[in-house]
Amino acid sequence: MTAVRRATAYLVLTAAALVFIYPFVLSLATSLKPRDEVAAHPVLPWPLSPSSRAWEDILIHSDFPLWTLNSVLVTVFATLLRLFLDSLAGYALARLNWRGRGSVFALVLAILAVPPIVLTVPRFLVLKEMSLLNSYAGLVLPLAVDAVGIFIMTQFFQGLPRELEEAARIDGANIFQTYWKVVLPLARPGLLTLAILSFQGTWNEFLLPLIVVRASPSHWTLPFGLSTLGRGGAGGQTYDYPVMLAGSMLTILPVAIIFLILQRFFVRGIAAGAVKG
Amino acid sequence: MNRLRALALTAVACLAVAACGDDGGGSAGTETGVSLSMYAFSSSPAEDQTLRKIIDDYNKLGRNTVTLNILPEYDTALTTALAGGQPPDVFYVNDNKLPDLAKAGTLEPIGDKVDNPSDFYESLRQSFTYNGVFYCPPKDFSTLQLIYNTDELAKANVQPPKTWEELSAAAKTLTKPGRPGLVINPEFYRWGVFMAQAGAWPTNTEITSMTMDSAQMSQALQFVADLHKGGFAASPASVGTGWGGEAIGKGKAAMTIEGNWIVGAMKNDFPTVKYAVAELPAGPSGKGTMAFSVCYGVAKASTKKAAAIDFVKFLVSPEKQLEFTKAFPVMPSRKSLAGQWLADKPELQAFVAGGDYAKKSVFVPGFKTVIDTLNDGIQGLAAGNKPVPEVVSSTQNAGKDVLGG
Amino acid sequence: MVDTTQLPGTAETAAVPGPAGRRRRNRTSRIHGRQGLAGWLFVMPALLGLGTFLLLPILLALWVSFRDWSGLAPLDTSTPAGLDNYRDLLVKSGIVQSDFAKSLRNNLYYVLGVVPVQTALAFFLAVVVNAKLLKGKTFFRTAFYFPSVTSSIAVAFIFVFLFSPTGVVNVLLSALLPGSVETVWLNEPDGVFHVVLGWLGVDTPPGLLADHRFMGLSYWDWLSGPSLALLTIMALATWTTIGTFMLMFLAGLQNIPEDLDEAALIDGASPRQRFFRITVPLMRPTLFLVLTLGIIGTWQVFDQIYAMTSGGPQKATLTPAYLIYRDGFENSAMGRAAAIAFIVFAIILVFTGIQRFVLRGRTE
């Protein structure tokens, strides 16, 4: 690739990247603008007369610390559970041979095909019968397994070379040992993806807290708590955009950090190295 | 389902024996020491704070304790609680939700159980009455009136219009390129004021049959549609704004039709724009506007109804109503308080006047589909891609499906 | 020469695991049994979770779809409705049917527009940020992933301004096209096909298309194409989901052994040959994943409609998922909402089936 072509390619890529980041920058700027400036100059990516009012409203005058703590608790537990249970199930569906495998996989897909909004009230009824309302268990257990995660892991396990597993089995390892010691390390990209998406999904979960803990503010998670701020007016016309966008940034931040940390482990050639050696 | 029935039976048994839960005492009428739950939606941070304070005042009285939950996504949250058999004892009820809730048997009729119920504005009382039963006392209300930019009207030497002809003329004079004279949201809950002023309405008073096909209705719809066609009126979206208040604030309109809530929005988002409120122009049938209100509902399934009623009486008492609405543009639902409320905000006189001739905009359960169709038609009229007869017939037919007549 | 038949993924052309294991005649039945046991043990916890918290509510919702229930009082107040909800939606002419038909039409254009674009772009970006020679991988990966992380409030806020009459999009278009462009994108209800035909002078529908109706909409209305408002939302949705699918493609690309590429290089294969003969076939499981999730996600689009348009203007952005919310929580027609959900469920299964059939056919 000539130097000019390379430079152009990088230019285009960087321009595209900036386009992708712009909303984030604009959110940050808007959160620091006073309300009348938001109305007057909505698209300017910096505040003309910065004000910390929105951030104060959230960080100091609301239950932000409590909400964050709850969110961390729920998300960490739910993500770890998903990582463990989804990959187990995905491996079974991808590699093990057992009766009913096809039906279970079809069931997983079928569950995904039902629009989630319709399950709001039925889930409430089920959780109520199980006495899981207004509790942390009620926030974590329903999130512990998800159909998308199982689907993702099934596909990734299918893409792995079989040679290593077969070598391990010939060497006498039982199925679980093969899975734990040989397959999982190979599945790092898939597990990373699952970790990032699980963290993001459970962190941003809004409907479940609405169903389970709406009447118990001490259990409120961050997205749910933040949605109680910044809205108002008959018909919701008067949005407090700085507060809403400051809130949305606080919600984005942990997910962005987790992504930044984990994406570094996307290193190519792990599978190759294993096969060679 | 057996389990649900069992739960319900247990609840009834408990009530009879009065031996469960935190109910102290047990004789109907004077329950004390009870803890109540209340659901509300957020109006604005300041109003939420005032609500919390008023509830603190009640709790300090020592009779009962109320836990307030101000929730986002109120419709979803409330429906889930009701559907799941775990209703809050007291909750906000939007007027357009009343028929559905009443028909489903969710509400305990308490409208007449508060003090001096005849003090409520008649149209509000009507809004919260279903099948002749006055279900819940209104907490406050807003009406629609004409909002205009005082500088713009002064510059163009235009007086606030008092009749339809004056409105047409004013809108025409005030229209500049890229700035229509009047901006009005294309929906029934705004255009309806013109229907009221023409003596038309989508249904008859008893809400048993559709009356979209009256000559007055076509007259009203055609009047507004013509203003749009001439470019003197427009929808907020077509000038790149979200609603009428934003249009006035950003100088994209000289006049708009909105309700009390515009006061807070203008103060927060457009503090430099000078505006005033005038009564809407009268149409062929006189003055007309619409009122929007919320009431305090008590759940029929509540096991602490007496305490809940005591709490609601406190909330709609004249002192507390005034306290709640003092700092905010919503108006007390008691006629007797109008003067005191206006004392420090005489510029909002028009909103209060509307309370006397506002039409209730509440229909029957399941009517929302018809309103959606009407809104669809109104959007078409505003955009100029639907003729009035088509809007009339599609709404009439949709309504017939629901009303069965 | 690289023997591609030994490669992972080629033996299994579809995601549903077939009886490949049984074909290995050397396997003893003891190992068979052990796999059977292990399989069930591995999958049991997940099944329990899915069964309790997802399958049970789904079955309950299915039951509700055969009831007349307002959703404002407990279930035991509901009355049996048989097939009435389904009949009102699909067969009985009236506002319920025509609203549902509009939502189906809108969502169909949405699916056909978004899925190919988001899949192709996500794959392209994944290949780009995976390239060995790319400097600043972290920066680019994070940048392209950012929209997927950003909350829908922030995205809606920004897109409303980007597409406003004086917003960036119109400014750019005015610069590129003759005259000035002042479209209010989110307020345009007419389908693009109708708009283009209008430019060509075809303003009224030919009798054939106008006179015949299906589910309450004339054929002419069915063939309207997505409205500009819907197109705006499609652009927004594509932009937000590219990052997530890019991540999945990235993980799939990382599964491809490097030495395979090197061997092909040594053998003299061009980059294009290497891409189409090695990379693409090995990405099949990931492609199936992305396409399936894409189809499912687009047929269930709700958040953006709820945040930005509430189904307007003039029902041009109405989708079945939004109808579920409207009927279930605003119109107190919970039974009908459930029926809509299961009709969408059936549609998704059909589309996924078609997609799998097409993919499987490709490889033989």
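The values are calculated or read from the model by the stated rules, or taken from the named source; none is laboratory data. Predicted model only: the values in this text are computed from it and were never measured. Note that we place each Cβ from the backbone using ideal geometry, even for glycine, and neighbour counts take in every protein chain shown.
Scoring residue C:324 on the criteria (1) crowded, with 20+ Cβ neighbours inside 10 Å; (2) touching a Ser or Thr at 6+ places or on another chain (Cβ under 9 Å); (3) facing another protein chain (nearest Cβ under 7 Å) leaves a single failure, condition (2). Remark: residue A:224 matches the filter, which requires a residue to be on the phi < 0 side of the Ramachandran plot, in a helix (DSSP H, G or I) and surrounded by 21 or more Cβ atoms within 10 Å (Cβ to Cβ). If you go through region C:53-74 one residue at a time, do you hit one that is assigned to a helix (DSSP H, G or I), at pLDDT below 95 and not assigned by TED's automatic domain parsing to the domain that holds residue C:332? Looking for residues that are assigned to a helix (DSSP H, G or I), at pLDDT below 95 and not assigned by TED's automatic domain parsing to the domain that holds residue C:332, one finds none in region C:53-74, hence no. Screening residue C:133 with (1) facing another protein chain (nearest Cβ under 9 Å); (2) modelled with pLDDT of 80 or more gives one miss only, at (2). Output the helices (runs of 4 or more DSSP H) that fall wholly within region B:112-189 and possess 2 or more residues being at positive phi and touching a strand residue (DSSP E or B) at 6+ places or on another chain (Cβ under 6 Å), or say none. Passing ranges: none, list empty. Taken as a whole, the structure leaves residue B:194 outside the set of residues that are part of a strand (DSSP E or B) and touching a residue at least 60 places away in the same chain (Cβ under 8 Å).
Filtering C:5, C:10 for residues that are assigned to a loop (DSSP other than H, G, I, E, B), at pLDDT below 70 and on the phi < 0 side of the Ramachandran plot leaves a single hit, C:10.
Can you say whether residue C:184 is β-branched (Val, Ile, Thr) and closer than 15 Å to residue C:106 by Cβ, as far as the supplied structure shows? No, not satisfied.
Evaluation of residue A:48 against the conditions (1) surrounded by 15 or more Cβ atoms within 10 Å (Cβ to Cβ); (2) at pLDDT 90 or above; (3) closer than 20 Å to residue C:167 by Cβ shows that the sole unmet condition is (1). Residues that are crowded, with 16+ Cβ neighbours inside 10 Å, within 8 Å of another protein chain (Cβ to nearest Cβ) and not hydrophobic (A, V, I, L, M, F, W, C) within region C:152-180 comprise C:164, C:165, C:167, listed in sequence order. Does at least one position in region C:273-293 carry a residue that is within 14 Å of residue A:117 (Cα to Cα) and not β-branched (Val, Ile, Thr)? Checking region C:273-293: not a single residue is within 14 Å of residue A:117 (Cα to Cα) and not β-branched (Val, Ile, Thr). Restricted to region B:96-143, and to residues there that are within 14 Å of chain C (Cβ to nearest Cβ) and acidic (Asp, Glu), the residue that is nearest to residue B:55 (Cα to Cα) is B:108. Scanning region B:244-269 for residues that are more than 10 Å from chain A (Cβ to nearest Cβ) and under 21 Å from residue C:164 (Cβ atoms) yields B:247, B:248, B:251, B:252, B:253, B:254, B:256. Screening residue B:59 against (1) more than 18 Å from the chain's Cα centre (by Cα); (2) in contact (Cβ under 8 Å) with a residue 12 or more places away in the chain leaves a single unmet condition, (2).
Of all the residues in region B:339-351, those that are touching a strand residue (DSSP E or B) at 6+ places or on another chain (Cβ under 7 Å) and closer than 20 Å to residue B:116 by Cα number 1. Only one entry in A:119, A:143 is among the hydrophobic types (A, V, I, L, M, F, W, C) and closer than 14 Å to residue B:80 by Cβ, namely A:119. Here residue A:29 meets the list (1) in contact with a helix residue (DSSP H, G or I) (Cβ under 6 Å, 6 or more places away or on another chain); (2) within 27 Å of residue A:254 (Cα to Cα); (3) among the small types (Gly, Ala, Ser) almost entirely, failing just condition (1).
If I filter region A:138-150 for residues that are more than 9 Å from chain C (Cβ to nearest Cβ) and in a loop (DSSP other than H, G, I, E, B), do I get at least one hit? No - not one qualifying residue is present in region A:138-150.
Residues of region B:219-243 that are over 21 Å from residue B:350 (Cβ atoms), under 24 Å from the mean Cα position of the chain (by Cα) and either more than 10 Å from every other protein chain (Cβ to nearest Cβ) or not in a helix (DSSP H, G or I) (or both): B:221, B:234, B:235, B:241, B:242. Could you figure out which of (1) under 15 Å from residue B:310 (Cβ atoms); (2) in a strand (DSSP E or B); (3) not hydroxyl-bearing (Ser, Thr, Tyr) isn't true of residue B:70? Here residue B:70 clears every test but (1). Among the residues of region C:181-188, is there at least one that is surrounded by fewer than 17 Cβ atoms within 10 Å (Cβ to Cβ) and at pLDDT 85 or above? No, that holds for no residue.
Test residue A:95 against the criterion of being facing chain C (nearest Cβ under 9 Å), buried (at least 19 other Cβ atoms within 10 Å of the Cβ), among the charged types (D, E, K, R) and in contact with a Pro (Cβ under 7 Å, 6 or more places away or on another chain), and give yes or no. When the stated conditions are applied, residue A:95 does not pass them. For region C:53-87, taking the residues that are hydrophobic (A, V, I, L, M, F, W, C) and touching a residue at least 60 places away in the same chain (Cβ under 8 Å), the one that is surrounded by the fewest Cβ atoms within 10 Å (Cβ to Cβ) is identified as C:62.
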